Amino acid sequence: MDVNDLAKRYREAWLVARRVPSGMNLGHASYWPEFNPNRWEVYHSEDARIKPAPPSADAVDRMVECMRWLRWLSEEERELLWLRASGMSWRSIAEEMGLNRKTPFARWSRAMSKIGIHLARGRIPE
């Protein structure tokens with residue numbers, strides 16, 4: 001797997017992680033009766049936000065696999081990889097991490113190469 005393939009996998013993993021339900025149940029109870037709004041009430045609602053569909057089981061499996069690969073990296077490399085997977089620009093990453101503007105790309109490339117080497121050797125993190 002080359003660096004571009006790994007970058008695509010981590011981008012997909014980041015997107016899937018955003019769509020995975022948290023599973024938190026706050027336990028709020030409502031004593032108002034439920035009602036089904038008609039289509040005009042739904043259409044005119046101002047604060048309506050469409051929730052993204054939950055990811056497929058295959059997408060979650062690929063995300064978990066990518067997360068396991070992170071075990072081969074240092075804490076700083078993990079953060080850098082995840083920031084880049086989120087779509088953040090190199091300049092913003094450099095500012096966020098307090099680095100020179102060219103340093104994040106070099107460290108990201110080294111981290112991706114490290115993962116690629118482990119995968120090429122057939123190692124599987126536990």
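The values are calculated or read from the model by the stated rules, or taken from the named source; none is laboratory data. Just so it is clear, the model here is predicted, and its values are computed rather than measured. Using ideal geometry, Cβ is built from the backbone for each residue, glycine included, and neighbour counts are taken over all protein chains shown. Quick note on the areas: whole protein, heavy atoms, side chains included, nothing else; ligands and nucleic acids left out. Shrake-Rupley method; radii C 1.70, N 1.55, O 1.52, S 1.80 Å.
Of the residues Arg11, Arg78, the single one that is open to solvent by 80 Å² or more (accessible area, probe 1.4 Å), in a helix (DSSP H, G or I), at pLDDT 85 or above and not small (Gly, Ala, Ser) is Arg11. Residue pairs whose Cβ atoms lie under 9 Å apart, separated by 6 or more positions or on different chains, with the first residue in segment 110-122 and part of a helix (DSSP H, G or I) and the second among the hydroxyl-bearing types (Ser, Thr, Tyr) and surrounded by fewer than 15 Cβ atoms within 10 Å (Cβ to Cβ), are Ala111/Ser74. Of all residues in segment 90-106, one or more are under 18 Å from the mean Cα position of the chain (by Cα) and among the small types (Gly, Ala, Ser). Considering only residues in segment 66-75 that are surrounded by fewer than 16 Cβ atoms within 10 Å (Cβ to Cβ) and touching a residue at least 40 places away in the same chain (Cβ under 8 Å), the one that is farthest from the chain's Cα centre (by Cα) turns out to be Arg71. Within segment 41-57, does at least one residue satisfy the condition of being at pLDDT 90 or above, exposed (fewer than 15 other Cβ atoms within 10 Å of the Cβ), of a type outside the set (Lys, Arg) and under 19 Å from the mean Cα position of the chain (by Cα)? So far as segment 41-57 goes, no, none of its residues is at pLDDT 90 or above, exposed (fewer than 15 other Cβ atoms within 10 Å of the Cβ), of a type outside the set (Lys, Arg) and under 19 Å from the mean Cα position of the chain (by Cα).
Report the residue count in segment 92-109 for those that are in contact with a helix residue (DSSP H, G or I) (Cβ under 9 Å, 6 or more places away or on another chain) and not in a loop (DSSP other than H, G, I, E, B).
Taking segment 92-109 and keeping what is in contact with a helix residue (DSSP H, G or I) (Cβ under 9 Å, 6 or more places away or on another chain), we get 92-94, 96-97, 99-105, 107-109.
Next cut, not in a loop (DSSP other than H, G, I, E, B) only: 92-94, 96-97, 103-105, 107-109.
Here the count works out to 11.
Asn100 meets all of the listed conditions (1) at pLDDT below 90; (2) over 22 Å from Asp5 (Cβ atoms); (3) surrounded by fewer than 11 Cβ atoms within 10 Å (Cβ to Cβ) but one, namely (1).
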